[in-house]
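A.B. asks: Shown below is the structure under consideration.
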Amino acid sequence: MNILKRQRLTILCCVHDLNIAASYCDRIILMNDKKVFDVGSPKEILTRGTLKSFLI
């Protein structure tokens with residue numbers, strides 16, 4: 001992930017570990033049942049409220 005982060009490229013990566021997503025991703029797309037639930041920066045997306053409503 002560190003090598004990918006240093007590249008000056010746009011990289012689309014499917015990550016199921018939210019800790020890794022928070023550490024390495026500039027933007028996060030939460031999806032559920034093939035539908036986009038929310039999009040934003042890790043600080044915008046990985047909040048207690050967003051995750052609570054997403055996981056229910």
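A.B. asks: Given points 7 Å out from each Cα along the Cα-Cβ axis, report the LYS35 to LEU55 separation in nanometres with one decimal.
C.D. replies: 2.1
A.B. asks: Let me ask something else. Could you work out the relative contact order of the stretch 2-55, using alpha carbon pairs under 8 angstrom and six or more residues apart, expressed as a whole percent? The partial results should precede the final answer.
C.D. replies: Working: 37 pairs, mean separation 12.3, N = 54.
RCO, the stretch 2-55: 23 percent.
A.B. asks: For the chain, list log₁₀ I(q)/I(0) at each q in 0.17, 0.18, 0.28 Å⁻¹, using the Debye formula over Cα point scatterers of equal strength and ignoring solvent, two decimals each.
C.D. replies: With no solvent term, the Cα-only Debye profile gives -0.56, -0.62, -1.29.
A.B. asks: With a 10 Å radius around each residue's Cβ, average the other Cβ atoms per peptide and rank 9-19, 28-38, highest first.
C.D. replies: Ranked from most to least packed, the peptides come out as 28-38, 9-19.
A.B. asks: Using only helices, what value at 222 nm comes out for the chain when you add -39,500 (n - 2.57) per DSSP H run of length 4 or more and divide by the total residues, to the nearest 500 deg cm²/dmol?
C.D. replies: Dividing the helical sum by the residues of the chain leaves -9500 deg cm²/dmol.
Read the figures in this text as sums done on the coordinates, not as results from a lab. This is a predicted model, so every value here is computed, not measured. Note that each Cβ is placed from the backbone with ideal geometry, even for glycine, and that neighbours are counted across all protein chains shown.
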